[in-house]
Each structure stands twice: as structure tokens, then as C-alpha cells.
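Asker: One structure, as C-alpha cells, below. Some questions next.
Every number here is computed from the coordinates shown, using simple stated rules; none is lab data. Quick caveat: nothing in here was measured; it's all calculated off a predicted structure. All Cβ positions, glycine included, derive from the backbone under ideal geometry; neighbour counts span all protein chains shown.
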Amino acid sequence: MGWGHWLLLDDVSHQRDLSATIAELGILQQRLNKTALGQASVADELRRLTAENNELKLYVATVFRLLLDKQIVNLEELESLVTAIDREDGAEDGRHRGPVLTS
């Protein structure tokens, strides 16, 4: 076998390597596109949850003020109840994971 044969084989080998690399780049591009779509949906969900949270805070503030204005409870009673409910799950962490209403 002469040098020409080896050069030709080397060129074919490079072509196969190049084709494999291009195919892998296509796969990586598809993965990147899926990740970008996933991140967009996460961002959309975060915006939706933030808006929902802001609306809930508005309603809670309205109920608290109504209870205080009508003198159904005073501020100390309200704060005490919030603390007691916060502790129901065993941790005073500013969160409540249990049911909203208990019987």
C-alpha cells in the first residue's frame, strides 16, 4: 500500500469523525433547546406563583385589617394566634404546611 492509499483512508476517517461530531452537535442542540424550554416554563411558573402569592397576601391583609377594625380581635391576639399556628408543625419558621382549617 502506498502513501496515496493511506492519505485516502485518513481522509475517509476524518469524514466519519466529522459526521459523528456533527451528529453529536445536533443531539446537544436538541438537549439545549429542551433545557431552554424547561427554563422558560419554570420562569413562567415562578411569575404565576409570585402573582398568586401577592394576591393571597392582599386578601390576608384585608381580612386582618377587617378583624382589627371591627375589633373582633386585637393585634396581640392576632400575633399570638399566628405564632401558635406557625408552631403547629413543630417549627417556628414563618410557614404553615398543615390544613388551613382544623375541626
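Asker: Using 1/(1 + (r/R0)^6) with R0 = 30 angstrom and r between the beta carbons of Thr102 and Arg47, what's the FRET efficiency to the nearest 0.05? Walk me through the numbers on the way to the answer.
Answerer: Details: r = 32 Å, r/R0 = 1.08.
Efficiency computed from Cβ-Cβ geometry: 0.40.
Asker: To the nearest 20 Debye, how big is the dipole of segment 3-87 about its Cα centre, given +1 on the beta carbon of each Lys and Arg and -1 on that of each Asp and Glu?
Answerer: Here segment 3-87 has a charge dipole of around 180 debye.
Asker: Mind checking the angle between helix 75-87 and the chain's longest principal axis? C-alpha axes, 0 to 90 degrees, to the nearest 10.
Answerer: Compared with the principal axis, the helix lies near 40 degrees.
Asker: Return the distance in nm (one decimal) between the two label points of a simple spin-label model at Leu68 and Gln39, each offset 7 Å from Cα along Cα→Cβ.
Answerer: 4.2 nm
Asker: For the chain, what does -39500 (n - 2.57) per DSSP helix run (n ≥ 4), summed and divided by total residues, give at 222 nm, in deg cm²/dmol to the nearest 500?
Answerer: Taken over the chain, the calculation gives -28500 deg cm²/dmol.
Asker: With labels modelled as points extended 7 Å from the Cα through the Cβ direction, what inter-label distance (nm, one decimal) is found for Ala61 paired with Arg16?
Answerer: Between Ala61 and Arg16, the simple spin-label model gives 6.9 nm.
Asker: Take the alpha-carbon centre of segment 57-103, take the same for segment 12-46, and report the distance between them in whole Å.
Answerer: Their Cα centres are 49 Å away from one another.
Asker: Now a separate question. Just name one of Leu25, Gln15, Ala84: the one whose Cα is farthest towards the positive end of the charge dipole of the chain (beta-carbon charges, Lys/Arg +1, Asp/Glu -1).
Answerer: Among Leu25, Gln15, Ala84, the one farthest towards the positive end of the dipole of the chain is Gln15.
Asker: Debye sum, Cα scatterers, the chain, no solvent: what log₁₀ I/I(0) at q = 0.10, 0.17 1/Å?
Answerer: -0.59, -0.97
Asker: If I model a spin label as a point 7 Å beyond the Cα along the Cα-Cβ vector, how far apart are those points for Leu32 and Asp86 in nm?
Answerer: For Leu32 paired with Asp86, the spin-label model returns 4.6 nm.
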